[in-house]
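The values are calculated or read from the model by the stated rules, or taken from the named source; none is laboratory data. Given the structure is predicted, the values throughout are model-derived calculations rather than measurements. Every residue, glycine among them, receives a Cβ derived from its backbone with ideal geometry; neighbour counts consider all protein chains shown.
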Amino acid sequence: MSSEILPAFSETSNVERKQDLNEDQEENQKPGLGEGFEPISKRQMKKLMKQKQWEEQRELRKQKRKEKRKRKQLERQCQLESNSEGSDRKRIRRDVVYSPLRLIIDCSFDSLMVLKDIKKLHKQIQRCYAENRRALHPVQFYLTSHGGQLKKNMDENDKGWVNWKDIHIKPEHYSEFIQKEDLVYLTSDSPNVLKELDESKAYVIGGLVDHNHHKGLTYKQASEHGIDHAQLPLGNFVKMNSRKVLAINHVFEIILEYLETRDWQEAFFTILPQRKGAVPTDKACESSSHDKKFTRVEGGLNSDSSEEENRNELDSPRKEEKQDKENSTESTVNSILH
């Protein structure tokens, strides 16, 4: 063997020995089943199972979103074909029937939220605005007590909000320009259940993203100010594995859907996210074993884990759906404004 080949061979051997040593070290660092392994808690196990279920249902959710988009495209196409004059947009807007119902997002809880939650509130308001603009029965949309962190965040990240149409954005509290007898505060803590919507009323949604840190606050404020209050008839049509607390945009969209269909059950099951594990009340009574199976399939939680769900329900753990909705909301708002 020549002297030129020997150094190269020696260097190659050293590299191989180092790789073997690194692999041995990595193998030794892995916890064995018998020693150095700490069992995970029930909460962590449930979290892992929920994440696994979420990943398994990714394609199903994607397919449902596609079907919903196709259905809305077909509806728009039918509307376009039924009108032979004017531009496409004018033909669509001609079929819109504006509802006299006033729907208010009360933004007077600004000081109770950190910036992270303010940004989530902003995103939910964007979705409400976009859905109302393309609804067949849009409501009279109000954003009240607008200021503080929320206005600053909108000025910095969504400057186009000043050009929004069909919305009343006011710095004043809603009680300053709407009569008390016309107000109904929507809160899940209210003992009163809505049977139908009175379109002469002004319904208030609390603009609070608090991860359950201020339970019952909106109900307490409505009671103290002598304002009528009620909750959506969720329990009459839906069985859920978590508390009946919904995101702001979900409440808004359910009301829009009800105004179109006049069917609470259809409105709930069109809008409610799958992670709620919602089933119709009549099917929920079939058998407890069927309930458990359905809960596992739909990604619902058991009652002892409802606290975990409540912390996440306004936080929207739907990672890819959150990105899709953010992108679609921005594009929708831009297309509506221009």
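Here's a check for you: in the stretch 121-162, which residue that is of a type in the set (S, T, N, Q) and in contact with a Phe, Trp or Tyr (Cβ under 7 Å, 6 or more places away or on another chain) is farthest from His173 (Cα to Cα)? Here the residue is Asn132. Looking across Leu115, Leu121, one residue alone is closer than 21 Å to Asp210 by Cβ, surrounded by 16 or more Cβ atoms within 10 Å (Cβ to Cβ) and either at pLDDT 95 or above or in contact with a helix residue (DSSP H, G or I) (Cβ under 8 Å, 6 or more places away or on another chain) (or both). It is Leu121.
Scanning the stretch 45-71 for residues that are free of Cβ contacts under 8 Å to residues at least 40 places away in the same chain and in contact with a Lys or Arg (Cβ under 9 Å, 6 or more places away or on another chain) returns a single hit, Met49.
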